[in-house]
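Have a look at the structure below, then the notes.
The values are calculated or read from the model by the stated rules, or taken from the named source; none is laboratory data. The model shown is predicted, which means the values in this text are computed figures rather than measured ones. Note that we place each Cβ from the backbone using ideal geometry, even for glycine, and neighbour counts take in every protein chain shown.
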Amino acid sequence: MSAIRDIADNGLGGVQHNFLTGRVEDLVRWSRSRSSWGATFGLACCAIEMMGTGAPHYDIARFGMEVFRASPRQADIMIVAGRVSQKMAPVLRQVYDQMMEPKWVISMGVCASSGGMFNNYAIVQGVDQIVPVDVYAPGCPPTPETLIHAIETLHQLIEDGEIMRRRAVTGAGANVHIQEIPAGISTPVTLERRATV
Amino acid sequence: MNAEALSAGVVAHEVNGQQLLFVELSAYLDTVTRLHNDGFTMCIDLTAVDYLAYPSRKVPAGVHTERFELVVNLLSIAKRERVRLRVQVADGIPVPSLFDIHPSTEAMEREVFDMFGISFSGHPDLTRILMPEDWDGHPLRKDYAPGRIPVQFKGAAS
Amino acid sequence: MTTLDERPTATPAGGVISSAGAATSEGAQELQPRSAISQQALMREAGSVLRLSESAAAELASVAGDADEDQTMIINMGPQHPSTHGVLRLMLELQGETVLRCKPIIGYLHTGMEKTGESLTFMQGGTNVTRMDYLSPLNNELVFSMATEKLLGIDGDIPERAQWMRMLLSELNRMSSHLLFMATNGMDLGAVSMMLYGWREREEVLRFFQKVTGLRMNHNFIRPGGLAADLPPGWRDDVLHILDMLPDRLAEYEVLMTGQPIWRERLQGVGVITQSEAIALAATGPILRSTGITWDLRKDMPYLKYSEVDFDVVVGLHGDAYDRYAIRLQEIRESMRIVRQILDKMPTGNYRIQNKKVTPPPRGRIDESMEALIHHFKIFTEGFKVPEGEVYVAIESPRGEVGCYIASDGSAVPYRMHVRAPSFVNVQCLPHMMRGGLVADAVAVISSIDPVLGEVDR
């Protein structure tokens, strides 16, 4: 990636020839990270925030991810958005198996990451029991900023190549936990008992 | 709520401003049919409660309590009235299905069957609806544990 | 859609053999071949609703005229599907492109919320119910709080301002839910840009919610006794901003969708349901109103302050998908009308009842007074005890009648908490609406019902 970094830092003025050399692997990883297609796996409330992230205000199209393919055969990243019930678990695994390598999984929300507030008979306590997870995004639901942070973290891992190397060795997911980004507007808290407006 | 709809096996009650009818299982289908003819054409909700852990609940005199209670909410659009039926059901006793009078109860009765194990005779398709087909047990019964997994927190006492 | 390539055969247990994914097969819950089910079940799946003898006979004749099961194909749609509004699985029996039978299979989002509700206090219960219908979470919290208040006996003492605030939030929630319906309905029918427009407007409402409640979704803001906090200063300007922005945008939707010939052709006459069928199936909300029945709980069994605001109930004529779309679009305008009146009429006062039993002390007092600290601690850890009894309260959510049935045994947690979810009952209309239609219209029908699987499965 050094040729591209040079240009990013120094502009075309630093280029000596009219050739750019680099590794094919770098180019492949760069394009993979910037054109990943998501598999639709919106289950519950997190799916609404996921759709909100694709919406104009948060716009993941700038990261190349606005295309959500319904067919898992055409998708790269599966964003498990929502609580996975016992009945849904085999379906989740089947969809994951149908995805082509390279594939990654983002576990969006606390229900997908650990079962969330539903610690009971009906919910699988974390999708990592079923599929290897690469990035965990906390929140209930995660704000669109948090989801974008998770996606970009994953994109960076893809671009760096670490994730593929690790997967080849252990078969496990990257297990990256990110920090939740709270929504931007802060509201002043009134401590009085009666309102005046 | 007129006297016509009341008959043997039905005790009327009013609580919190809501009309309540305690109906014996033998008078259940009859009462619902009468109410349907009387204008209560929508069966808004059908659910059940397992009173295993609270057998001493307050009921009017003359009502013999059982383990389960079937709660049926009926609505009359013309009269803008609701009425709630509470039917005492013992464990293992099948209940007549309301499907022929109120087709809306198809999914509701399946849910009660799935969650409580109460079977409905005359229901067209009494299978589980929320749990997987091979699930064992009826989750909303009181002797069915919530199924929590123990979670360890750093510094927690328990 | 994924298709079962082989001809389905009935096993002795009644299940259909599927080549791949034996683990995902749900056995008897799936659509069985005709030879394997009872006549009653067959008629149900073919959409026969009414039990009157002549129409039952007529239905039977038409169902008997269906092709043999060798000539029909059972296909599976979902649960992972772009257009099923969540994890709804539909099995359709097709003859060519015509849908003969339909069976919705639900439970893929079953969360055990009613069981969880039995271990959460009444103060915590809002966090649980709010995630059922996640598109109108405030309405779920409202019905749960109202049921709790009725059991506590304080439902007549909720302060005026709290009631008007609840109404404001409930109506804004109705607007945001219907805007999402516009977006998803558009996208399901191919007007993909509608998805972006609908979300653009919804963001404004969500931003207001975030300013007031702290969260964009699943707020846990309406609590027994009132609300969690008061409206922040400057809220009027925010609401006015939304009200000023929306009418032009809705006019854009009219141009893009309502008057457009393609839209009309795709929705008019699709998914028709008649009045008696809707009542028999206990369909409520826009589905019932699209058949011509004027039934809206806000007008017919008013709660909060709906009897003091002026609004119309939007009713359709034909009971088809176009009517349901038009009803929801007009309901956004009616909600805006209500919100404008709320802006004028909002009183000053308390945002929650001042009853030591249910109201936590103001946060500022906790540092000063020991009793306040203990009081706060007790309410948030043990919870307040609710007297014995049971109650059913229902309100009008964007999808229909949402009701909450709570049975209390005198302790701090509900003994039984059941939510009557409108989508759970409305999904039963699907076989009837799909029968005889084309499979290409199946998506339009599902979309016009506007199901939310969180509340279907709970």
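From the list C:ARG363, C:ARG435, the lone residue that is farther than 21 Å from C:GLY226 by Cβ and of a type in the set (Lys, Arg) is C:ARG435. Take B:MET115 and decide whether it is aliphatic (A, V, I, L, M) and touching a residue at least 40 places away in the same chain (Cβ under 8 Å). Judged against the criteria, B:MET115 is a match. Only helices (runs of 4 or more DSSP H) whose full extent lies in the stretch C:16-125 are considered here, and the ones with at least 2 residues that are modelled with pLDDT of 90 or more are C:113-117.
Selection within the stretch C:128-181: residues that are small (Gly, Ala, Ser) and without any contact (Cβ under 8 Å) to a residue 60 or more places away in the chain. The member of this set that is nearest to A:ALA55 (Cα to Cα) is C:SER176.
What's the total number of residues in the stretch C:262-307 that are part of a helix (DSSP H, G or I), within 9 Å of chain B (Cβ to nearest Cβ) and more than 18 Å from the chain's Cα centre (by Cα)? Result for the stretch C:262-307: 4.
Under the condition of being among the aromatic types (Phe, Trp, Tyr) and either outside the structural domain of C:VAL386 (by TED's automatic domain parsing) or within 16 Å of the chain's Cα centre (by Cα) (or both), the residues counted in the stretch C:400-429 number 1.
Taking the criterion of being in contact with a Lys or Arg (Cβ under 9 Å, 6 or more places away or on another chain) and buried (at least 23 other Cβ atoms within 10 Å of the Cβ), the residues of the stretch A:134-154 that qualify are A:ASP134, A:PRO141, A:THR143, A:PRO144.
Please work out if C:MET301 is under 27 Å from C:TYR392 (Cα atoms), modelled with pLDDT of 90 or more and surrounded by 17 or more Cβ atoms within 10 Å (Cβ to Cβ). Against the criterion (under 27 Å from C:TYR392 (Cα atoms), modelled with pLDDT of 90 or more and surrounded by 17 or more Cβ atoms within 10 Å (Cβ to Cβ)), C:MET301 qualifies. Among the residues of the stretch C:210-230 satisfying the criterion of being of a type in the set (A, V, I, L, M, F, W, C) and surrounded by 22 or more Cβ atoms within 10 Å (Cβ to Cβ), which is farthest from the other protein chains (Cβ to nearest Cβ)? Taking the candidates together, the pick is C:ILE222.
Let's see how each residue does on (1) surrounded by fewer than 22 Cβ atoms within 10 Å (Cβ to Cβ); (2) within 30 Å of A:ILE48 (Cβ to Cβ); (3) in contact (Cβ under 8 Å) with a residue 24 or more places away in the chain:
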{"position": "C:ARG365", "(1), (2), (3)": "yes, no, no"}
{"position": "C:GLU371", "(1), (2), (3)": "yes, no, no"}
{"position": "C:PHE377", "(1), (2), (3)": "yes, no, no"}
{"position": "C:PRO387", "(1), (2), (3)": "yes, no, yes"}
{"position": "C:ARG399", "(1), (2), (3)": "no, yes, yes"}
{"position": "C:GLY403", "(1), (2), (3)": "no, yes, yes"}
{"position": "C:VAL425", "(1), (2), (3)": "no, yes, yes"}
{"position": "C:LEU430", "(1), (2), (3)": "no, yes, yes"}
{"position": "C:SER447", "(1), (2), (3)": "no, yes, yes"}
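The set of residues from the stretch C:391-436 being assigned to a strand (DSSP E or B), in contact with a strand residue (DSSP E or B) (Cβ under 7 Å, 6 or more places away or on another chain) and away from chain B (no Cβ under 11 Å) comprises just one member, C:ILE395. Within the stretch B:100-116, one or more residues are more than 26 Å from C:GLY117 (Cβ to Cβ), at the interface with another protein chain (Cβ under 9 Å from one of its Cβ atoms) and of a type in the set (D, E, K, R).
Listed by first and then second residue, the pairs linking a residue in the stretch C:294-315 that is in contact (Cβ under 8 Å) with a residue 40 or more places away in the chain to a residue that is part of a loop (DSSP other than H, G, I, E, B), with Cβ atoms under 8 Å apart and 6 or more places separating them unless they lie on different chains, are C:ASP296/C:VAL313; C:LEU297/C:TYR303; C:ARG298/C:PHE311; C:ARG298/C:VAL313; C:MET301/B:ARG80.
Only one entry of B:THR47, B:THR33, B:THR65 meets the criterion of being more than 11 Å from chain C (Cβ to nearest Cβ), in contact (Cβ under 8 Å) with a residue 24 or more places away in the chain and either outside any loop (DSSP other than H, G, I, E, B) or in contact with a Lys or Arg (Cβ under 8 Å, 6 or more places away or on another chain) (or both), and that entry is B:THR33.
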